[in-house]
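Here's the structure, in structure tokens; my notes come after.
The values are calculated or read from the model by the stated rules, or taken from the named source; none is laboratory data. This is a predicted model, so every value here is computed, not measured. In this analysis, Cβ positions are derived from the backbone assuming ideal geometry, glycine residues included, and neighbour counts consider all displayed protein chains.
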Amino acid sequence: MNLLWTRRVFLASAVYDAVLGVAFLVAHAAIYDALGITQPNHPAYLRFPALLLILFAFGFTLVYLDPKRHEGILWMGIGLKAAYIAVVLWHRLGEIGLPDIYVPFAWIDLAFLAAFIAGARTVARLPTHPAPGVG
């Protein structure tokens, strides 16, 4: 994977996560009602993850702008995608079950995870930025 492709992947993920985050932040009740899913007993259970997605979208935008400088955010993104996939698999395969709405997002995140890992390999080969004020 080249640097341009890596940057585009992070821009796409930034848009994807921002759209999902905003949708669940402002319309979680309507989304759950439309899909016939019982809502949590408090909206904070959906608002907090929605805000986290928006924060990660901001971080992925930083990776898009300067992948080497924001390489740490790239690795946090790998962790985010892996964690979401693991939670969905755990609950989907376990006895607890999980509403179907979460499964397509896990497949999409699996694609992003693979692309993030490939992008991390590309970014690792880039020269390191000098420290501020050095050079």
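Tabulated data
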read-out: Scan of segment 62-102 for residues that are modelled with pLDDT of 95 or more and small (Gly, Ala, Ser), ordered by number; value: 72, 77, 79, 82, 83, 86
read-out: Hey, residue 59 surrounded by fewer than 16 Cβ atoms within 10 Å (Cβ to Cβ), out of contact with any Asp or Glu (no Cβ under 7 Å at 6 or more places or on another chain), modelled with pLDDT of 95 or more and assigned to a helix (DSSP H, G or I) or not; value: no
read-out: Long-range neighbours under 6 Å by Cβ, at least six apart or interchain, first residue assigned to a loop (DSSP other than H, G, I, E, B) within segment 12-39, second not basic (Lys, Arg); value: 37/99; 39/32
read-out: Residue that is surrounded by the fewest Cβ atoms within 10 Å (Cβ to Cβ), among those in segment 1-48 that are under 18 Å from residue 78 (Cβ atoms) and among the polar types (S, T, N, Q); value: 6
read-out: Residue within segment 106-124 that is within 26 Å of residue 6 (Cα to Cα), hydrophobic (A, V, I, L, M, F, W, C) and over 19 Å from the mean Cα position of the chain (by Cα) present; value: yes
